[in-house]
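All of the numbers you see were taken from the coordinates with simple rules; none came from a lab. Everything numeric in this text was worked out from a predicted model, so none of it was measured. Glycine also receives a Cβ, built like all others from the backbone with ideal geometry; neighbour counts cover every protein chain displayed.
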Protein chains: 2
Amino acid sequence: MFKDTLEKIVNQTPGGVGVVLMGYDGIAVDQYFLDSGDIDLQLVAVEYSNVVKEIRHTAEVLGTGALQEVTIKTGRYYVVIYALTDEYFVALTLKREGNLGKGRYLVRHNSFSLCQALV
Amino acid sequence: MFKDTLEKIVNQTPGGVGVVLMGYDGIAVDQYFLDSGDIDLQLVAVEYSNVVKEIRHTAEVLGTGALQEVTIKTGRYYVVIYALTDEYFVALTLKREGNLGKGRYLVRHNSFSLCQALV
């Protein structure tokens, strides 16, 4: 029910390596990974769920409005995190030489159908 | 020594409300805030330093390369965080109706002079 959308996001993103639909508790609902070589994308998603939880908490404490999106750029990857509901988010990992703008667009564009499938 | 650069970043960013040059320990080196109304930008920076520390740690653990940049979008603000050195980062807060692209460009563009002033 989620797989088709997740596959589409990764396959249509140049440089896309994987996407995961996950609860803020770090438990994945569904995921789609290409062969990512040397990084453990499941672990990436779990680790980033802690980061997202921290950012969400921070945004609430500060009254800056609910967390919507986080983009992280590291030496080798981009991670795009998009809040879907109060309980779930989606995280796309792509290579630095990939197309961040396209990946972010696809995550946003497919967020509605992921939300609909979640409820 | 940092103030001119920090002022320039905020004043040239449409919707810019404040910028802080900060250690990962949450202690600010210098900052420049416009009247931001209802949010405490000093507190925003301190809270986000915890987030950045968490992301940096995560990136190291996962071997995804060093953290370079984080963009956070909440209901009312954007926060652009840019890693300058192993010890310091700069964080720009701007309103949602502001120009994120211009703000991010100005942070990147001025990062070299901030780094030079730090060492």
(request) For every helix of n ≥ 4 consecutive DSSP H residues, a contribution of -39,500 (n - 2.57) applies; sum these over chain B, divide by its total residues, and give [θ] at 222 nm rounded to the nearest 500 deg cm²/dmol. (result) -14500 deg cm²/dmol
(request) Find every distance from the label point of B:Asp40 to the corresponding label point in the other copies (7 Å from Cα along Cα→Cβ) and write them in nm, one decimal, shortest first. (result) 3.9
(message) Quick check: the angle from helix A:100-118's long axis to the longest principal axis of chain A, C-alpha only, nearest 10 degrees?
(response) 60 degrees
(message) What does the charge count around B:Leu92 come to, taking other residues whose C-beta lies under 14 Å from its C-beta (Lys +1, Arg +1, Asp -1, Glu -1)?
(response) +4
(request) Calculate the mean, over all residues of peptide A:78-85, of how many other protein chain Cβ atoms lie within 10 angstrom of the residue's Cβ. (result) 2
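Chain B: Rg/Rh from Cα coordinates, Kirkwood Rh?
Working: Rg = 13.2 Å, Rh = 14.1 Å.
Result for chain B is an Rg/Rh of 0.94.
Per residue of B:46-58, count partner chain C-beta atoms within 10 Å of its C-beta, then hand back the mean as an integer. Walk me through the intermediate numbers first.
Numbers: counts 2, 8, 5, 0, 4, 9, 3, 1, 8, 11, 2, 3, 10.
For this peptide, the per-residue mean of nearby foreign Cβ atoms is 5.
Which value, in debye to the nearest 20, describes the size of the charge dipole of chain A about its Cα centre when Lys and Arg Cβ atoms bear +1, Asp and Glu Cβ atoms bear -1, and nothing else is charged?
Details: 11 positive and 14 negative charges, 99 e Å.
With only Lys, Arg, Asp and Glu charged at Cβ, the dipole is about 480 debye.
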(request) Mind pulling the angle between the C-alpha long axis of helix A:3-12 and the longest principal axis of chain A? Nearest 10 degrees, somewhere in 0 to 90. (result) 60 degrees
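Can you give the net charge of the other residues whose Cβ lies under 11 Å from the Cβ of B:Tyr32, counting K and R as +1 and D and E as -1?
Numbers: positive: B:Lys3, B:Lys8; negative: B:Asp4, B:Glu7, B:Asp30.
Net charge around B:Tyr32: -1.
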(message) Using the Cα atoms of the protein assembly as shown, I'd like the radius of gyration and the largest Cα-Cα distance, Dmax, both in angstrom.
(response) 17.3, 56
(request) Measure nothing but the geometry: give the 0 to 90° angle between the long axis through the Cα atoms of A:41-62 and the longest principal axis through the Cα atoms of chain A, rounded to 10°. (result) 30 degrees
(message) Please give the Cα centre distance for the stretch A:74-119 versus the stretch B:41-81, rounded to the nearest Å.
(response) 17 Å
